[in-house]
Amino acid sequence: MTTAETSSPATIDIESLGFDAGAHLLVKHALARLPVGTPLRVSGHASGWQAQLAHWCRAQGHALAWADDAHAQALVTRGGAEAGRWRDAAHTGHADPRVSGAVLAQAEPTWGLAARGARVEAGSPAFAFRLARKDELWADNAADLYAQAVAAQWDPDVALDWSVALTHPPEVEAAVVQVMTYMVENENAALLVPARFLGQIHPHYRELQAALAIQVADEARHIEVFTRRIRLSGGEPALSTAGGQASLRSLLDEPDFSVASFLLSVQGEGSFVNLLHFLAEYGPDALTRQIGRLAARDEARHVALGMSHLLQRLRGEPALRLRLARAMEQRHDALAGTSGLNEEVFDALILIAAGSLAPQAVHQGFGRVQTLVQDMAGGRLTRLLRLGFERADAERLALLHTRNFM
């Protein structure tokens with residue numbers, strides 16, 4: 001190929017290259033260097049290149065004229081960005097979320113799976129994403145929380161010492177197994193709730209999608225680790241109560257993204273962070289304590305994402321607080337017939353904190369679990385106040401949740 005750098009017009013010779021073999025790339029890139037409305041002189045000698053050029057120009061929205069009667073040279077005038085097949089293309093914001101207006105208030109169904117910032121050709125199929133409005137799902141710091149999560153990922157085989165010797169009494173080990181059993185079923189819920197919403201979120205809001213996706217990955221890792229800890233002493237998982245199952249079922253049944261985030265991440269997982277810190281402090285072996293520390297760090301990020309989303313939505317929709325409060329009250333009333341936190345888990349926590357069945361140790365363990373329950377309620381109160389609830393309402397709602405850790 002030879003290109004003559006002339007002032008008027010620019011010239012390109014496609015030689016023997018046909019448009020069925022890539023000649024359009026040469027013309028396309030030569031035109032891209034010219035202002036809109038500027039002609040490009042094109043010559044070539046491949047068989048039928050003139051008809052192929054004419055067809056390509058019509059499709060792309062460029063004007064075509066011939067410099068001579070023999071059609072040996074063409075004058076292709078560059079069309080605008082709205083020409084040809086891209087005439088009615090949709091503009092989908094900007095890839096960089098830091099650009100003003102990058103993340104748009106409404107994502108259109110016909111944008112489909114296109115990258116944010118891409119121009120989407122008219123006639124693309126519509127996709128039915130139920131969560132397609134920024135105000136109903138967005139959190140401005142989702143990208144930062146995702147980056148933190150990526151940097152904080154840990155490998156259970158590397159981060160944990162599975163060769164630890166279990167020297168504590170067998171009744172304490174049975175208590176650990178019972179608590180880990182309870183934690184697995186709670187983490188199953190914590191995995192399934194965000195996973196259920198992931199497929200409903202429009203890809204335009206990719207930072208939020210990514211943050212939820214890595215949250216699901218965190219929960220999958222926790223389930224693996226808790227299960228491996230159960231099996232470390234050669235046993236099987238312990239007991240799962242109807243009350244606990246009913247509590248978790250109510251999380252999975254919640255159809256509203258913000259309400260589900262509130263019940264799971266802000267209320268349930270917030271209390272779960274306290275429980276994990278409890279295990280990190282009182283676990284009877286180094287492995288259990290390290291599991292508690294690492295899992296608590298992950299769960300704290302999940303709470304942060306839920307809080308960020310709710311704070312942002314509440315700024316634009318203060319009435320949402322009433323719906324959040326009602327959801328807590330309805331959930332509490334629906335679970336009133338269950339036993340709440342089962343006595344097996346409560347007793348297991350006492351024994352873990354005691355370390356033995358010695359009366360004085362059990363007395364101390366009981367006190368530590370009471371402190372845990374108070375800390376959970378205090379954490380819920382703090383988060384409710386931060387979300388703008390009046391103190392009296394926040395205190396009442398925080399106490400409603402003490403029957404279930406999740």
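The values are calculated or read from the model by the stated rules, or taken from the named source; none is laboratory data. Just so it is clear, the model here is predicted, and its values are computed rather than measured. Heads up, the Cβs are rebuilt from the backbone with ideal geometry, glycines too, and the neighbour counts pull from every protein chain shown.
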Report task. Would you mind stating whether Ala105 is within 30 Å of Arg313 (Cα to Cα), loosely packed, with under 12 Cβ neighbours inside 10 Å and of a type outside the set (Asp, Glu)? Result -> yes
Requested in this report: Go through segment 253-290 and count every residue that is assigned to a helix (DSSP H, G or I), touching a Lys or Arg at 6+ places or on another chain (Cβ under 6 Å) and either modelled with pLDDT of 95 or more or among the charged types (D, E, K, R) (or both).
Outcome: 2
Query raised in the report: Does Phe197 fit the bill of being surrounded by 13 or more Cβ atoms within 10 Å (Cβ to Cβ), touching a residue at least 12 places away in the same chain (Cβ under 8 Å) and touching a Pro at 6+ places or on another chain (Cβ under 6 Å)?
Result: no
Requested in this report: Determine whether segment 200-211 contains at least one residue that is hydrophobic (A, V, I, L, M, F, W, C), assigned by TED's automatic domain parsing to the domain that holds Arg301, crowded, with 24+ Cβ neighbours inside 10 Å and not in a loop (DSSP other than H, G, I, E, B).
Outcome: yes
Query - Residues being surrounded by 19 or more Cβ atoms within 10 Å (Cβ to Cβ) and in contact (Cβ under 8 Å) with a residue 24 or more places away in the chain - total across segment 374-394 - result: 4
Report summary line: Of (1) surrounded by 15 or more Cβ atoms within 10 Å (Cβ to Cβ); (2) among the charged types (D, E, K, R); (3) over 11 Å from His202 (Cβ atoms), Arg87 fails just (1)
Query raised in the report: Residue check: is Glu187 closer than 28 Å to Met328 by Cα and either at pLDDT 95 or above or not in a helix (DSSP H, G or I) (or both)?
Result: yes
Report summary line: Selection over segment 13-35 where residues are touching a Lys or Arg at 6+ places or on another chain (Cβ under 8 Å) and surrounded by 12 or more Cβ atoms within 10 Å (Cβ to Cβ) yields a count of 2
Query - Among the candidates Thr181, Thr110, residue that is β-branched (Val, Ile, Thr), surrounded by fewer than 17 Cβ atoms within 10 Å (Cβ to Cβ), outside any loop (DSSP other than H, G, I, E, B) and touching a Pro at 6+ places or on another chain (Cβ under 8 Å) - result: Thr110
Query - Of all residues in segment 106-131 being more than 18 Å from the chain's Cα centre (by Cα) and of a type in the set (A, V, I, L, M), the one that is modelled with the lowest pLDDT - result: Ala122
Report task. Considering every residue within segment 86-95, establish whether at least one is under 25 Å from His24 (Cβ atoms) and either of a type in the set (Val, Ile, Thr) or in contact with a helix residue (DSSP H, G or I) (Cβ under 9 Å, 6 or more places away or on another chain) (or both). Result -> yes
Query - Selection count, segment 314-366, where residues are more than 20 Å from Glu185 (Cα to Cα), touching a residue at least 40 places away in the same chain (Cβ under 8 Å) and not in a helix (DSSP H, G or I) - result: 5
Report summary line: Of (1) loosely packed, with under 15 Cβ neighbours inside 10 Å; (2) modelled with pLDDT under 95; (3) more than 30 Å from Ala51 (Cβ to Cβ), Pro97 fails just (1)
Query raised in the report: Which one is nearest to the chain's Cα centre (by Cα), of the residues in segment 56-73 that are crowded, with 16+ Cβ neighbours inside 10 Å and free of Cβ contacts under 8 Å to residues at least 24 places away in the same chain?
Result: Cys57
Report summary line: By residue number, the members of segment 25-55 that are within 50 Å of the chain's Cα centre (by Cα) and in a loop (DSSP other than H, G, I, E, B) are Arg33, Leu34, Pro35, Val36, Gly37, Thr38
Query raised in the report: In segment 332-384, what residues are of a type in the set (D, E, K, R) and under 22 Å from Ser240 (Cα atoms)?
Result: Asp333, Glu343, Glu344, Asp347
**Report entry** Matching residues, segment 212-252, being polar (S, T, N, Q) and modelled with pLDDT of 95 or more
**Finding:** Gln215, Thr227
Report task. Determine which member of the set Ala122, Ala65, Ala126, Ala70 is under 29 Å from Ile214 (Cβ atoms) and either among the hydrophobic types (A, V, I, L, M, F, W, C) or part of a loop (DSSP other than H, G, I, E, B) (or both). Result -> Ala126
Query raised in the report: Given the structure, is Leu198 touching a strand residue (DSSP E or B) at 6+ places or on another chain (Cβ under 6 Å) and farther than 30 Å from Ala354 by Cα?
Result: no
Query raised in the report: So Gly235 fits all but one of (1) under 18 Å from the mean Cα position of the chain (by Cα); (2) of a type outside the set (S, T, N, Q); (3) in a loop (DSSP other than H, G, I, E, B); what number is the exception?
Result: (1)
Query raised in the report: Taking the condition in contact with a Lys or Arg (Cβ under 9 Å, 6 or more places away or on another chain), surrounded by fewer than 16 Cβ atoms within 10 Å (Cβ to Cβ) and assigned by TED's automatic domain parsing to the domain that holds Asp13, does Ala51 pass?
Result: no
